[in-house]
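One structure below.
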Amino acid sequence: MFNEMTVDINSQQPNRLLANSMTRAKANANGRRVVVTGVGVVSPNGVGVDAYQESLRQGSSGIAVISSFDASALSCRIAGEVRDIPTHNLLTAKDVKRTGRAVHLAIAAAEEALRRAQVCPASMSLEERQSWGVILGSGGGAADFAEEQYRLFYQAQLRKISAYNVSSSTAGSLSSELSIHFGFHGPSHVISTGCTSSTDALGYAFNQIRFGLADHLVAGGADATITPAIMQGFCVMQAVSTSHNDEPARASRPFERSRDGFVLGEGAWILILEERDLALARGAAIYAELRGYASTCDAYHRVRLDPSGEEPARAMSLAIEDARLAKDDVGYIALHGTSTVLNDKTETQATKLCFGKGARDLPMSSIKSMIGHPQGASGAAGVVAAICAMNGGFLPPTINLDESDPECDLNYIPNQSIAKATEIALCNCIGFGSKNSALVIERGLLA
């Protein structure tokens, strides 16, 4: 399982990428090296990293009929919900009531990530806790909490409105709650850029550490926007799938000819990021290394993508350049792959623009086929999936891909995972408002 996949340097095969290590260390213009020492997951298709990794390997879907509210009147009645959040012993009943669902997801995932990193906040000195911070991405923040407060207000149930109505409804409360929960006094920020939020949060955290502004960060993404009003909004937008309410696991169909929209998801994917030398000094396992990050904007439309794909292609190219790698070093792409007609075609076009003829031979997939679209947490979900795959010796599939759209003609790893080792992965995100972000990660090395 995942916790048995830590890297043994003595078993590493010769790897030409190792030759870059001294170059990177010597040419310090790219800053300090940033590594992943812990990972935590609360996902629709698996709570905990081991469960998530195995679901990705098996191609298991976490999409089902919505259970958190009565969705029978909606045209889309399915979603990727987390059925059991392991918050027992983590949050009091009062804290659960006073905060949004994304907070509950994030705290549970962060607890696992810190445990895997062998970091115990309770045993830290004040000085140590001052060196730890929280950088999270979220598109909706506490949208569920805010929606419930508005419902109470418009139903004139004023005495039931929470005293934390204002403070807990803000997106920024997500990182604040984690900082308070763990007692971390370093930076506490939330990046909210729509679907690219957690990719941008990881990129921001990466830059904070590599350029010496922080040493240890809890980073990643959490979103929980499966609410009546938001679901109806996506239905009105005609962005979500409506043709598979009776077979939910078949609904999210990225790159498939018959796809008819995305399926809303939720979850939290948290990584512990540390400066490499500090991590090694305390004997931490290295699951992955962040190598490069970039973001661009189409500057085109508030919800539609520029069909040329030029800006997402440029984001991918810039991230690879930032990693000081060649494009043929990339062995796998974690695609955004939402299962909407325009997104999938545009991302395919962007990949071709970035990689040229090499795009045909490059394996790539969309895990949204299994978890739905967790909005601002999407990027972190893809990064963790890539880490699971690289440490587990497989590449996850795009399930429900029975017949590809003729305009989506790349290798999306249809329906079944493949046993293949890869050293370098590119994680791609495309969002509303014409935003594009990409991260490059490398499999964990202890030297």
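Only the coordinates and a few stated rules stand behind these numbers; no lab work does. Keep in mind the model is a prediction, meaning the values are calculated, not measured. Note: ideal-geometry Cβ built from the backbone for every residue, glycine included; neighbour counts use all protein chains shown.
Please identify the longest segment of the chain free of exposed GluC sites (Glu not before Pro), where exposed means a DSSP state other than H, G, I, E or B and no more than 14 other Cβ atoms within 10 Å.
On the way: sites that count: Glu403, Glu407.
The longest such stretch corresponds to 1-402.
Which net charge results for the neighbourhood of Ile430, defined as the other residues with beta-carbon distances under 11 angstrom from its beta-carbon, given Lys and Arg at +1 and Asp and Glu at -1? Each step should come with its number before you reach the end.
Values: positive: Lys435; negative: Asp298, Asp306, Glu311, Asp344, Glu347.
Spelling it out: positives minus negatives among the neighbours equals -4.
Report the paramagnetic label zone for Asn165: residues of the range 62-86 whose backbone N is under 13 Å from a point 7 Å from Cα along the Cα-to-Cβ axis.
Zone members listed by number: none at all.
Which of the lysines could a cross-linker span from Lys357 if the Cα-Cα distance has to be under 27 Å and same-chain partners fewer than 8 positions apart are dropped?
Lys327, Lys345, Lys368, Lys420, Lys435
Considering the Cα positions of the range 323-386, please state its Rg to one decimal place and its Dmax as a whole number of Å.
Looking at the range 323-386, its Cα Rg and Dmax stand at 12.2, 33 Å.
Quick test of the membrane-span-like rule: which DSSP H helices of the chain reach at least 15 Å along their long axis (C-alpha atoms) with mean Kyte hydropathy at least 0.0? Walk me through the numbers before you get to the answer.
Working: long enough: 101-116 (23 Å, 0.21); 143-154 (16 Å, -0.68); 197-210 (19 Å, -0.31); 310-322 (18 Å, -0.41); 341-355 (22 Å, -0.33); 378-392 (21 Å, 1.39).
The qualifying helices are 101-116, 378-392.
Quick one: net charge around Leu264, please, counting Lys, Arg +1 and Asp, Glu -1 for every other residue with C-beta under 10 Å from its C-beta.
Numbers: positive: none; negative: Glu81, Asp223, Glu266.
Result for the neighbourhood of Leu264: -3.
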